[in-house]
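Input: a single structure, listed below in structure tokens.
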Amino acid sequence: MVRASSRWSGQERAAVEGIEVRLDAGAAAAYRTWAARAAALAETPAQLLRFAPWYQPAERTWLERAAATGAWTPDEPDTMDRQYCRAPAEALGHTRRADGLVLHLLAADDGDAVVLHARYCRAATVFRIEQRWTEEQRLTWEELVAGHPCKGCGRPVFGSFEHKPTMQRTPDEAALHDAEEAAFLALHPDCRTTRWTYGSTGLTHCSACCPPPPFGPAQSERIARILVEIAEGVARRDADLARRWEAALPGAAPADRGEQLGLWPRARGGR
Ligand SMILES: [Zn+2]
Ligand SMILES: [Zn+2]
Ligand SMILES: [Zn+2]
């Protein structure tokens, strides 16, 4: 594995974080309607982007403008594990540079204009992982389905509780989440990298230590059934979210939530 640390000067950071895309009047109005409704739901802004047609054009413009400055050339758009974001209450999309630096894009509304801008996402030293896994190191699909543990860390792949957004967890679920986080960190105290989990009930694995799970041929009945169950679960959650989105009352938000979304004016540039 090759780890190359990257230098990111304060000047460079300020330049990239200073790039702002001002939404035009139509997009700004669409943003405000979206934010008012989003504030009434527990989902993170990123989870509500499919109701936000104003976002993608603004993101594209931001990326173009940032690339034109030479300071930010994205490696792949939005490849980051969202679990890793330290500010899920504000992050809309993520962009990663080839050296591993990650930014997230967020909206700010000062009551006059709505702008899309970026913030440095990870406050840790960044590494670029160039890990090549051999076939022997990876689980086969048959092993995965049979419940074999990860060959990197020895923990099971499946068998966790169902992952939910932070704000939707019950106290019991939050405790389970904390225990899982502690178990993961105990095994990977210094792995500053992304993580992976398999499905909605997977345990957390480390992208540096744990070979990624296999892509499987959907041949056996058992595999097909699992895939159908996963798809049904996703479809059900999607339908449920769409229903709650329609029912959400704009403005029925706690004050801090509205402020995080830029719904109510605040001083710009504050953190
Ligand atoms: Zn982030
Ligand atoms: Zn593992
Ligand atoms: Zn690790």
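The values are calculated or read from the model by the stated rules, or taken from the named source; none is laboratory data. Nothing here was measured: the structure is a model prediction, and the numbers come from that model. Counting neighbours? That spans all protein chains shown, and the Cβs are built from the backbone with ideal geometry, glycine included.
If you go through the range 131-175, how many residues are of a type outside the set (D, E, K, R) and more than 16 Å from ligand 2 (Cβ to nearest atom)?
Final tally of qualifying residues: 13.
With respect to the numbered conditions (1) part of a helix (DSSP H, G or I); (2) at pLDDT 75 or above; (3) within 16 Å of ligand 2 (Cβ to nearest atom), which one is the sole condition not fulfilled by residue 83?
Single failed check for residue 83: (2).
Please go through (1) modelled with pLDDT under 80; (2) surrounded by 13 or more Cβ atoms within 10 Å (Cβ to Cβ); (3) touching a Phe, Trp or Tyr at 6+ places or on another chain (Cβ under 8 Å) for residue 226 and return the number of the only condition it doesn't satisfy.
Against the list (1) modelled with pLDDT under 80; (2) surrounded by 13 or more Cβ atoms within 10 Å (Cβ to Cβ); (3) touching a Phe, Trp or Tyr at 6+ places or on another chain (Cβ under 8 Å), residue 226 comes up short only on (3).
Does the range 25-40 include one or more residues that are of a type in the set (D, E, K, R), in contact (Cβ under 8 Å) with a residue 12 or more places away in the chain and under 30 Å from residue 132 (Cβ atoms)?
no
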